[in-house]
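The values are calculated or read from the model by the stated rules, or taken from the named source; none is laboratory data. Since we're looking at a predicted model, the values are computed, not measured. For neighbour counting, all protein chains shown are included, and Cβ atoms are generated from backbone atoms with ideal geometry for every residue, glycine included. Please note that ligands, DNA and RNA were not included when accessible areas were found on the heavy atoms of the full protein model with its side chains. Shrake-Rupley method; radii C 1.70, N 1.55, O 1.52, S 1.80 Å.
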Amino acid sequence: MLSQLLISGFLMGLIFSLVAVGLTLIWGVVEIVNFAHGAFLMLGMYATYWLYRLLSIDPLFALPICTILLFFVGIVTYRLMIRRVLTAPMVAQIFSTFGLMVFLENMAHFLWSSDYRLIKEPLVHGRLEVFGLFISKPQLVAAAGAMVATGLVYWFVTRTQTGRALQATAEDKEAAALMGINSDRMFALAWGIGGACAGAAGVLLANFYFIFPKVGDIFNLTAFVVVALGGFGSIPGAFIAGIIIGLVQVLGGHLVAPAFKSVIVFIIYLVVVIARPQGLFGKF
Amino acid sequence: MLRVDRIRVCYDDIPALHEVSFEIEEGQIVSIVGSNGAGKSTILKTISGLLHPVAGQIEFAGTRIDRSPPYEIVRMGIAHVPEGRRIFSRLSVVENLYLGAYTRKSDEEKAETLEQIFRLFPILEERRNQRAGTLSGGEQQMLAIARALMSRPKLLMLDEPSLGLMPILVSKVFDTLKQIHEEGITILLVEQNVREALELADRAYVLMTGNIVLQGTGEELLETDLVRQAYLGM
Ligand SMILES: Nc1ncnc2c1ncn2[C@@H]1O[C@H](COP(=O)(O)OP(=O)(O)O)[C@@H](O)[C@H]1O
Ligand SMILES: [Mg+2]
C-alpha cells in the first residue's frame, strides 16, 4: 500500500516539476510571478480535449501541437501585456497576471461550460503490474514525458548559447544588454518556454485527469510551493522539489487525512519561506 | 570616431549630465576623471545605449547612436566594461567569454578571438571551466575586460577598472590596457584613479557634477592646479 502510494506520488511529482519549471523560469528571467500559469495548463488540457473530440487526435499526438500552441500563448501574453507592466509597481504586475488567470478561467467557463470532462479512450490506458504494484499507464507516460520535457528545458538553458543568454539576463539584465543580448527577446522567450511547460503538462495530464475551467488552480498553488521550495529561478530545484511535494501530498493524504494534503504542502511552504527563503537551491 | 555633443542625461528628471561634449579620435586613449557621483558612469551608459540623452547627440563612425538600443551599439563596435565588473557569476569563465561574443556569427572566428584572449590573460585559460563567481577580484576584472574584447570592439570603454583592486593589480590592469591599445583598439577610460588615468591618456577630461570643467592632454592636466589640488592632494 505504501509503495503504491509512493509510486503514484513520485509520478505526480514529476508533473508538478514540469509545471514549476515553467513558473520558475519566468520568475528567474522576467521577475514576474505568473498567476495565470495554471490557466495556461488548463488551456493545454482543453486544447488536447478538443483536438481529441473534434479531430480524433490522441493526446499523445496532441503533445507537440499543444506545446507549441502554449509557447505562443506565452509569447503573446508577454507582448501584449507583460511588456507594458515591466517597470510598473509589483502590485500592478500581480494584478495583471492574476487578472489574466481570472479572464482565462471565465473564458473557459463561458465557452466550454463548467462540466468536468474526461478523455474517455486515450491510446494509452489501463495499468501495468510490476512486482505486485499497479501503475497507471497514462500516469507513467505523463511522468516520463514530464521528465523528458524538464530535461530538455534544462539542457536548453545550460547548453545552448541562447539558453546562456537567458541565464545572463536572469542574473544581470544590464550586463547582458552590454553583451548585445536583446532582453526583450529573452523575456518573450522565457514566457514562451514557461507557457510551453504548462501546456505540455496540461496535455500529459489530460490523458487521465478531469478537465474543467478551474483545474489549473490546484496546479498553480502546488507550483508556487514547489518553486519556493526549490529556490526561485532554479530548474534543478524545481525538479527535486516537485518530486518532494508529490511524495508529501500522497503520504500526508494517507497518514493524516486526504483533506489535509494541501494543508501539509502549505505548512512546508511556510516553513521554507521562513527558514530558508532562498529555497533548496540557488538560481538555475 | 566618437563625438558626444552637448548631451544632457537625467534620472527621473534630475539631470546627472548637463551639457557634456567630447570627442575621441581613432587610436587614442581618452580618460575622463572625476570623483564619486560626478557622472562618469552615466556618460558610459549613455554611449552604450543603456540610457538615452534628453538633449544633444552622440555619433559613432558618422552614425547617430543616441536612440539605439545597446545590442545595436555593441554590434557597431562599442564594448562597455561596466563598473563593478558585473560578470555572470553562475556561469563558467568560458561561458562568460562566449556571451561577450554574442553578437558575432562565425564560431571559428570566435574561437580564434578566444585564443588571442587566452594569450593576453593566461589565468583565464587556466580557470576556463571554473564558475566566474569563484574568481578573485583581480581575475574577475580581467574576465570582464576579456569578455568585452570578445565582441572585437573598435572602441573599448572601461568604467573604473581599478576599483577595489590592490595596487599591484591596479598597475597590472593599466599595463593590460596599454597592450590592448597597442593592438589598435581605441580606449575610453573612466577613473577616480586620477594619476594613472591621466598618465595613460592621450586626451583627458575632468568631470565635476555633470559638467566637463577641464580638458587637454593627460600631461597638461597633470600640471593644472585643479587636478593637483582636488585629485592628487598636492
Ligand atoms: N539609477 C540612478 N537613479 C537615480 N540617480 C542616479 C542613478 N545613477 C546615478 N545617479 C545619480 O547621477 C549622478 C551621477 O552618477 P554616476 O554617473 O554613477 O557617477 P560616477 O560614475 O561618476 O560616480 C549621481 O548624483 C548619482 O546619484
Ligand atoms: Mg561610476
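With θ set to phi - 60°, apply the Karplus curve 6.51 cos²θ - 1.76 cosθ + 1.60 along the range A:106-121 and write out the HN-Hα couplings as whole Hz, x wherever there is a Gly or Pro.
After applying 6.51 cos²θ - 1.76 cosθ + 1.60, I find 5, 4, 4, 4, 5, 6, 10, 6, 8, 4, 7, 10, 9, 7, 6, 10 Hz.
Run the accessible area of chain A with a 1.4 Å probe and give the carbon-and-sulfur part as a rounded percent. List each step's numbers first, then the result.
On the way: 8830 of 12300 Å².
Looking at chain A in its full context, I get 72 percent from C and S.
If you take the accessible area of B alone plus A alone and subtract the pair, what total do you get in square angstrom, rounded to 100, with a 1.4 Å probe?
On the way: alone 11430 and 13350 Å², together 22730 Å².
Buried surface at the B/A interface: approximately 2100 Å².
Considering the dipole of chain B built from charges on the beta carbon (Lys and Arg +1, Asp and Glu -1) around the Cα centre, which of B:Leu149, B:Val94, B:Ser68 is farthest to its positive end?
B:Val94
Taking only Cα atoms of the range A:106-200, what ratio of Rg to Rh do you get with Rh as the Kirkwood inverse-distance radius? Mind showing how you got there, number by number?
Values: Rg = 19.8 Å, Rh = 16.9 Å.
Dividing the radius of gyration by the Kirkwood radius yields 1.17.
Under the rule a/c < 1.5 gives rounded, and otherwise a/b versus b/c splits prolate from oblate, where does the range B:111-166 land using the Cα gyration tensor? Intermediate values should be presented prior to the final figure.
On the way: a/c = 2.13, a/b = 1.07, b/c = 1.99.
Oblate.
Please list the non-local residues whose amide H lies under 5 Å from the amide H of A:Ser234, H modeled 1.01 Å from N, same-chain partners needing a gap of 5 or more.
A:Phe284
Find out how many positive minus negative residues lie around A:Ala175, taking Lys and Arg as positive, Asp and Glu as negative, among other residues whose Cβ is under 14 Å from that of A:Ala175.
With Lys, Arg at +1 and Asp, Glu at -1, the net is +1.
Give the Cα extents of chain B along the principal axes, in whole Å, largest first.
47, 40, 32
Taking the Cα centre of the protein assembly as shown as the origin, how large is its charge dipole in debye, to the nearest 20, when only Lys and Arg (+1) and Asp and Glu (-1) carry charge on their Cβ atoms?
Numbers: 42 positive and 44 negative charges, 404 e Å.
With Lys and Arg at +1 and Asp and Glu at -1, about 1940 debye.
If I model the protein assembly as shown as equal point scatterers sitting on the Cα atoms and use the Debye formula, what is log10 I(q)/I(0) at q = 0.07, 0.12 Å⁻¹?
Each listed q corresponds, in turn, to -0.49, -1.04.
Would you mind checking which residues have amide H under 5 Å from B:Val81's amide H? H placed 1.01 Å from N; only 5 or more apart, or other chain.
It is B:Met157, B:Leu158, B:Asp159, by chain and number.
Putting +1 on Lys and Arg Cβ atoms and -1 on Asp and Glu Cβ atoms, find which of B:Leu198, B:Ser41, B:Tyr231 reaches farthest to the positive end of the dipole of chain B.
My answer, from the dipole projection, is B:Ser41.
In the protein assembly as shown, if the dipole is taken from +1 on Lys/Arg beta carbons and -1 on Asp/Glu beta carbons about the Cα centre, which of B:Ile180, A:Val227, A:Ser183 is farthest to the positive end?
The residue sitting most towards the positive pole is A:Val227.
Before I look further, what does the protein assembly as shown give for accessible area per residue, probe 1.4 Å, in whole square angstrom? Can you show the working numbers first?
Values: 22730 Å² over 518 residues.
The answer is 44 Å² per residue.
Which cross-chain or sequence-distant (5 or more) residues have an amide H under 5 Å from the amide H of A:Arg127, H modelled 1.01 Å from N in plane?
A:Lys137
Looking only at other chains, what is the average number of their beta-carbon atoms within 10 angstrom of each beta-carbon in B:92-101? It would help to have the intermediate numbers written out before the result.
Details: counts 1, 0, 0, 5, 4, 0, 4, 11, 3, 3.
Neighbouring Cβ atoms belonging to other protein chains average 3 per residue here.
Only helical DSSP H runs with n ≥ 4 go in: add -39500 (n - 2.57) per run for chain A, normalise by residue count and round the 222 nm mean residue ellipticity to 500 deg cm²/dmol. Provide the component values of the computation, followed by the final result.
Working: 11 runs with 206 residues, N = 284.
So the helix-based figure for chain A works out to -24500 deg cm²/dmol.
So if I place +1 on the C-beta of Lys and Arg and -1 on the C-beta of Asp and Glu, and nothing else carries charge, what would the dipole magnitude of chain B be about its Cα centre? I want it in debye, nearest 20.
Numbers: 26 positive and 33 negative charges, 154 e Å.
So the magnitude is around 740 debye.
To the nearest 20 debye, what is the magnitude of the charge dipole of the range B:98-205 about its Cα centre, counting +1 on the Cβ of each Lys and Arg and -1 on the Cβ of each Asp and Glu? Walk me through the numbers on the way to the answer.
Values: 14 positive and 17 negative charges, 53 e Å.
The calculated dipole for the range B:98-205 is roughly 260 debye.
Quick one: 3J(HN,Hα) in Hz for the range B:127-142, Karplus 6.51/-1.76/1.60 with θ = phi - 60°, rounded, Gly and Pro as x.
With coefficients 6.51, -1.76 and 1.60, one gets 9, 3, 9, 7, 5, 4, x, 8, 6, 6, x, x, 5, 5, 5, 4 Hz.
Return the calculated 222 nm mean residue ellipticity for chain B, to the nearest 500 deg cm²/dmol, obtained by summing -39500 (n - 2.57) across DSSP H runs with n ≥ 4 and dividing by the residue count.
Details: 9 runs with 84 residues, N = 234.
Roughly -10500 deg cm²/dmol at 222 nm, from the helical runs in chain B.
Under the √(5λ) rule applied to the eigenvalues of the Cα gyration tensor, what semi-axes describe the equivalent ellipsoid of the range B:1-128? Give them in Å, descending. It would help to have the intermediate numbers written out before the result.
Values: eigenvalues 182, 57, 40 Å².
Taking √(5λ) for each eigenvalue gives 30, 17, 14 Å, largest first.
Which three semi-axes in whole Å describe the equivalent ellipsoid of the range A:2-214, each the square root of 5 times a Cα gyration tensor eigenvalue, listed largest first?
Values: eigenvalues 198, 88, 41 Å².
Semi-axes, largest first: 31, 21, 14 Å.
Under 16 Å Cα-Cα from A:Lys120, which lysines qualify once same-chain neighbours fewer than 8 residues away are excluded?
Answer for A:Lys120, where 16 Å is the Cα cut-off: A:Lys137, listed by chain and number.
Rounded, prolate or oblate: which fits the range B:61-112 when a ≥ b ≥ c are the square roots of the eigenvalues of the alpha-carbon gyration tensor, with rounded for a/c under 1.5 and prolate only if a/b beats b/c? Before the final figure, lay out each step's value.
On the way: a/c = 2.86, a/b = 1.37, b/c = 2.08.
Oblate.
Could you state the angle between the C-alpha long axis of helix A:37-55 and the longest principal axis of the C-alpha atoms of chain A, as a value from 0 to 90 degrees rounded to the nearest 10?
Between helix and principal axis, roughly 60 degrees.
Which net charge results when you count Lys and Arg as +1 and Asp and Glu as -1 among the other residues whose beta-carbon is under 15 Å from that of B:Ser136? Mind dumping the intermediate values first?
Numbers: positive: B:Arg85, B:Arg127, B:Arg131, B:Lys172; negative: B:Glu126, B:Glu139.
Residues near B:Ser136 contribute +2 overall.
If we count every other residue with Cβ under 12 angstrom of B:Ser35's Cβ, Lys/Arg +1 and Asp/Glu -1, where does the sum land? Display every interim value, and only then the final one.
Values: positive: B:Lys40; negative: B:Glu160, B:Glu191.
So the environment of B:Ser35 carries a net charge of -1.
If you take each beta carbon of peptide A:84-90 and count the beta carbons of other chains within 10 angstrom, what is the mean? Walk me through the numbers before you get to the answer.
Details: counts 0, 0, 0, 0, 0, 0, 0.
Per-residue shielding by partner chains comes out at 0.
Rg (Å, one decimal) plus Dmax (Å, integer) for the alpha carbons of the range A:161-284?
Final numbers for Rg and Dmax: 17.0, 54 Å.
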